[in-house]
Each structure stands twice: as C-alpha cells, then as structure tokens.
Amino acid sequence: MLKYLTPLALFTVMAVFLALGLNLNPRDIPSPLIDQPAPNFSLPVLSNASQTLNKDKMLGEVWLLNVWASWCVSCRSEHPVFNQLARKKLVKIVGLNYKDEPAAAKQWLAQLGNPYNVSMMDQEGRTGIDYGVYGVPETFVVDKKGIIRYKHTGPVSWQDVEKILIPLINQLKAEV
C-alpha cells in the first residue's frame, strides 16, 4: 500500500508548489535597488551619439527611466501610455534603449511617437545589468537625490500610471 501512496504524495506536493508558483505575479519581484542610489551611467544619446547623458545631469529632479527596445513586443503595448504621460509634462521620461540597433530604435520612435525627453543607447546591455534589468520593458522612478524609489517590471498600463506613478511622482516632487 505504501508503495502506491508515496508517488501520490510526491505528486500532490509538486502540484501544490506548481499552483502556488502560477499565482505569483512577476511584477511583485522586489528589487534590491529600491531606496538605493541609482547606478551611475554615461551613455550616448540616441538622437545624437556624440552627446552623452549621465546620472549626475538628472540630480535635482524626479525622473522615470523606461527600459525599452524596438524588438520588444510588450514595449509596443506600453508605448501609447508613455506618449500620453509625456503630454501631461508631469515628469521627465528618460529612455534606455536596451540591446537595440540605433536605426531600428529611431525608426520605431518616428513611427510610434517619442515620449522621451532623451533616450540613451545601451547596446551592450551593461547599464541594464547595473539596474538589474532581466527583461524589457522595465520602468524606474528616481527621486531628486538620484535614489531609486520604485521599479515596475513589465508593461506599464494607464491604470499603473494613475494609481502608482502619478501619486509617487507628486509625492517625490513635494519632498525637499
């Protein structure tokens, strides 16, 4: 009898763990960078590769870092949301074009609209690695002191903007 119950018990335990795993939300994965200084970077600007942007140039203002790529299907779905947010002129939106070809990225922005105040090229993905990016899109909220205050994994919806991003941005802008 025990011979037949052991496989059944093992199957039951595995089924329970599978069911628990299927109910996890990948957006709930905590980032070790929350409340830590944003990693330094110095990257060429997509629109003019002779110019660079670094984190120090962003100090003193609240900003979003949106990691995107022209080859990313989920980025295409969130792009209208960032276009809409950009029209509100509530926050500076910085793009991190991740492991992409510059020509493809420029064409993508020309076709779909450009919500970014500036977009940088991270062709090798090193800055993305520093930020803990494991897939695009990912979005970070960085405060005036250069501290990461929030990370959103996956595509941002307008509901995320209204319920999470705008309240947090307004809170951070009000901080001294």
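No value in this document is a laboratory result; all are computed from the given coordinates. This structure is a prediction, so every number in the text was calculated from the model and none was measured. Every residue, glycine among them, receives a Cβ derived from its backbone with ideal geometry; neighbour counts consider all protein chains shown.
Applying a threshold of 22 Å to the alpha-carbon distances of Lys99/Lys144; Lys55/Lys151; Lys99/Lys145 flags Lys99/Lys144; Lys99/Lys145 as lying beyond it. Taking amide H atoms as placed 1.01 Å from N in the peptide plane, the amide H of Trp68 lies under 5 Å from those of Leu96, Asn97, Tyr98, each 5 or more residues away in sequence or on another chain. Normalised by the number of residues in the range 135-176, the average gap of Cα pairs under 8 Å and 6 or more apart makes the relative contact order 36 percent. Other residues with beta-carbon under 12 Å from the beta-carbon of Gln107 carry, at +1 per Lys or Arg and -1 per Asp or Glu, a net charge of -1. Packing-based ranking of 44-54, 137-147 yields 137-147, 44-54, ordered from highest to lowest mean Cβ neighbour count within 10 Å.
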